[in-house]
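Asks: Structure incoming, see below.
The values are calculated or read from the model by the stated rules, or taken from the named source; none is laboratory data. Model, not experiment: these values are computed from the prediction. Heads up, the Cβs are rebuilt from the backbone with ideal geometry, glycines too, and the neighbour counts pull from every protein chain shown.
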Amino acid sequence: MSVRLFLALLIAATWHAPSSAERSVNEVRSLDGTRIVYECSGVGPELLIVHGGTGDRSRWLPMFPYLEKDFTVCAMDRRAHGQSGDASSYSLQGEAEDVAAVVASRGKPVAVLGHSFGGVVAYEAARMTPQIAKLLLYEPPFRVDPHEATLSRMDDLIARGEQEAATVVFMGEVVSISPDELEAMRGRPSWRDLVSSIGSSIRQHRALAAHEWSPDAAREFSTPTLLLIGSRTQSPDLRWSVEHAAQAIRGSKVVVLEGQEHNAMDTGREQLAAAMKAFALPSE
C-alpha cells in the first residue's frame, strides 16, 4: 500500500462531517445588559423555545432530537434561570426584551415557541419585533387568578427553606396540574430544576396578575400564531386564555394535544414535535 493511499484511508477513517446533533451554547446581552444564555442544535429554519415559569432550558433539551433534523432549534434560559443573569428590577417588558435580543442575534427570521409563562413573554416579544416570523404558544396564561394567599404561603415556605413544598403548592394550586401528573413530575429528572427556580415564580405570577390581556391589541397582531393546549389540562385560566387568544388573533390556529396536560415536552414529545413541525416548517 502506498503512503499516499494509507494517509487517505486514515483521514477517511477519522474525519466526520459536522453532525446536526452538535450543540453550541451562546450568550447575548438584553436591552438592560442582562446576560441571556441559549443553546442551539440542528440544521434548517430557526426555532427558539422559551421555557415556562420554573426550570430552565434543560427542560426542553430532550425535545431537540425530535426537532434538530428539521430546524436549527435553540432553547434559552430566561433571566434568573439556568445560566442567565438577572437585574435589580423586574418586569414582563424586560423578559420580552430578552427574547427579542436572542431572536435578533440569530440574524434571520425565527419561529418562537413559548410554554406557559414563556408563552406570554414570547407573545409580547413578537409585538416588539417582526423578526419573529411565527409564534407557537403552549398554554400561555394571559389571564390568571392573583392567588395572593397561595403566593404568600409559598413565600413563607421558601423562607423556611421548603422550596419543594412551595413547588408542590404552586403546581397544584396555581397551575392546576392534576395529582397524578404532579406525582409523575416529582419523579422526573427535571423536578430538581423546577424546585430550584420556584422563587422566581412568585414575582412572575404577580407580574402576570397585574398584566391585563388586551383583545384589541391581539386583534391588531399579525404574526401567524398556533395555540397549543392539552386535552387533559384542568386550569380554567389556561383554557380561557387559549380560547380568547384564538378568538382575538386573526388567522390563529388551535391544536389540542390529546391525552396531554401542561407538560407534553415530558409526556408527549413526538406528538408535540409533530404539531410544531406542521405549523413552523415552510410550506412545500
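Asks: Just wondering, is there one or more residues in the stretch 111-118 that are closer than 20 Å to Ala264 by Cα, in a loop (DSSP other than H, G, I, E, B) and either in contact (Cβ under 8 Å) with a residue 24 or more places away in the chain or of a type outside the set (Val, Ile, Thr) (or both)?
Replies: Step one: list which residues in the stretch 111-118 are closer than 20 Å to Ala264 by Cα, which gives 111-118.
So of that shortlist, the ones also in a loop (DSSP other than H, G, I, E, B) come out as 116.
Restricting the remaining residues to those that are either in contact (Cβ under 8 Å) with a residue 24 or more places away in the chain or of a type outside the set (Val, Ile, Thr) (or both) gives 116.
Yes, the stretch 111-118 has at least one match.
Asks: I need the full set of residues from the stretch 131-169 which are among the aromatic types (Phe, Trp, Tyr) and touching a Gly at 6+ places or on another chain (Cβ under 8 Å), in order please. Break it down into steps so the answer makes sense when it comes.
Replies: Taking the stretch 131-169 and keeping what is among the aromatic types (Phe, Trp, Tyr), we get 138, 142.
Scanning the stretch 131-169 gives a single hit, Tyr138.
Asks: Follow-up. Would you check if there is a residue in the stretch 240-255 being surrounded by fewer than 16 Cβ atoms within 10 Å (Cβ to Cβ), within 20 Å of Leu48 (Cα to Cα), over 19 Å from the mean Cα position of the chain (by Cα) and modelled with pLDDT of 95 or more?
Replies: Checked the stretch 240-255: no residue is surrounded by fewer than 16 Cβ atoms within 10 Å (Cβ to Cβ), within 20 Å of Leu48 (Cα to Cα), over 19 Å from the mean Cα position of the chain (by Cα) and modelled with pLDDT of 95 or more.
Asks: Of the residues Glu27, Glu68, which single one is within 25 Å of Arg203 (Cα to Cα), among the acidic types (Asp, Glu) and modelled with pLDDT of 95 or more? Outline the logic, then answer.
Replies: Details: Glu68 fails: within 25 Å of Arg203 (Cα to Cα).
Going through Glu27, Glu68 in turn, just one is within 25 Å of Arg203 (Cα to Cα), among the acidic types (Asp, Glu) and modelled with pLDDT of 95 or more: Glu27.
Asks: Looking at Ala273, Ala218, Ala264 in this structure, which one is farther than 19 Å from Val50 by Cα, touching a residue at least 24 places away in the same chain (Cβ under 8 Å) and of a type in the set (A, V, I, L, M, F, W, C)?
Replies: On the way: Ala273 fails: farther than 19 Å from Val50 by Cα; Ala264 fails: farther than 19 Å from Val50 by Cα.
The unique qualifying residue is Ala218.
Asks: Out of Glu183, Glu97, Glu139, Glu162, report the one residue that is touching a helix residue (DSSP H, G or I) at 6+ places or on another chain (Cβ under 6 Å) and charged (D, E, K, R).
Replies: Exactly one residue qualifies, and that residue is Glu139.
Asks: Listed residues Leu61, Leu47; which is crowded, with 23+ Cβ neighbours inside 10 Å, modelled with pLDDT of 95 or more and in contact with a strand residue (DSSP E or B) (Cβ under 8 Å, 6 or more places away or on another chain)?
Replies: That would be Leu47, the only listed residue that is crowded, with 23+ Cβ neighbours inside 10 Å, modelled with pLDDT of 95 or more and in contact with a strand residue (DSSP E or B) (Cβ under 8 Å, 6 or more places away or on another chain).
Asks: Let me ask something additional. Would you check which residues across the stretch 179-231 are charged (D, E, K, R) and more than 29 Å from Ala87 (Cα to Cα) and list them? Don't jump to the end; show me each part of the working.
Replies: First, the residues of the stretch 179-231 that are charged (D, E, K, R): 180-181, 183, 186, 188, 192-193, 203, 206, 212, 216, 219-220.
Within the stretch 179-231, Asp180, Glu181, Glu183, Arg186, Arg188, Asp216, Arg219, Glu220 qualify.
Asks: If you don't mind, another one. Would you confirm whether or not the stretch 64-77 contains a residue that is within 27 Å of Ile198 (Cβ to Cβ) and in contact (Cβ under 8 Å) with a residue 60 or more places away in the chain? Before the answer, list the steps.
Replies: Keep residues of the stretch 64-77 that are within 27 Å of Ile198 (Cβ to Cβ), which gives 64, 73-77.
Restricting the remaining residues to those that are in contact (Cβ under 8 Å) with a residue 60 or more places away in the chain gives none.
Within the stretch 64-77, not a single residue is within 27 Å of Ile198 (Cβ to Cβ) and in contact (Cβ under 8 Å) with a residue 60 or more places away in the chain.
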